[in-house]
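The values are calculated or read from the model by the stated rules, or taken from the named source; none is laboratory data. The model shown is predicted, which means the values in this text are computed figures rather than measured ones. So basically every Cβ, Gly included, is an ideal-geometry build from the backbone, and we count neighbours across all protein chains shown.
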Amino acid sequence: MLHLPLTVEILSQLELNDNSKMPVAQSHRSNRGLVGKARQARLEIFPGFEHLMDILLITYVYVEKLRKDREKDMEYATLWLVTP
C-alpha cells in the first residue's frame, strides 16, 4: 500500500496477545476524499487467520457501532454545551 505524505488513514489493528504481537486483522476507516482518493471502510484479515473470519467480522461491526455511537454522543454533548 502506497502512502502519500498528505494521506491520513485512521486504522485499528488487532494483534495476538503474546510477545510476538503478530497482526491478525486491521480495519481502515472510510475516507471522503478531501485529501487523496475516496475509499470505503474495510477490514483486512491477514493470512493464517482466515479461519477466524466470522468472529473477526462480527467483532468489527460491533466495535464500529460502539465507536460511531460514542462519536455521536460526543457531537451531541458538544452541541449542547455550545448552544445558548
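Name the pairs whose Cβ atoms lie under 9 Å apart, with the first residue in segment 2-29 and farther than 20 Å from E71 by Cβ and of a type in the set (S, T, Y), the second modelled with pLDDT under 80 and surrounded by 12 or more Cβ atoms within 10 Å (Cβ to Cβ), and 6 or more positions between them or separate chains?
Final answer for the pair search is T7/N31; T7/G36.
Residues in segment 70-82: is at least one surrounded by 10 or more Cβ atoms within 10 Å (Cβ to Cβ), without any contact (Cβ under 8 Å) to a residue 40 or more places away in the chain and under 18 Å from S12 (Cα atoms)?
Looking through segment 70-82, at least one residue is surrounded by 10 or more Cβ atoms within 10 Å (Cβ to Cβ), without any contact (Cβ under 8 Å) to a residue 40 or more places away in the chain and under 18 Å from S12 (Cα atoms).
Name the single residue that is modelled with the highest pLDDT among those in segment 33-84 being in a loop (DSSP other than H, G, I, E, B) and small (G, A, S).
G48
Being surrounded by 10 or more Cβ atoms within 10 Å (Cβ to Cβ), touching a Lys or Arg at 6+ places or on another chain (Cβ under 6 Å) and not polar (S, T, N, Q) narrows it down to one residue among A41, A25; which is it?
A41
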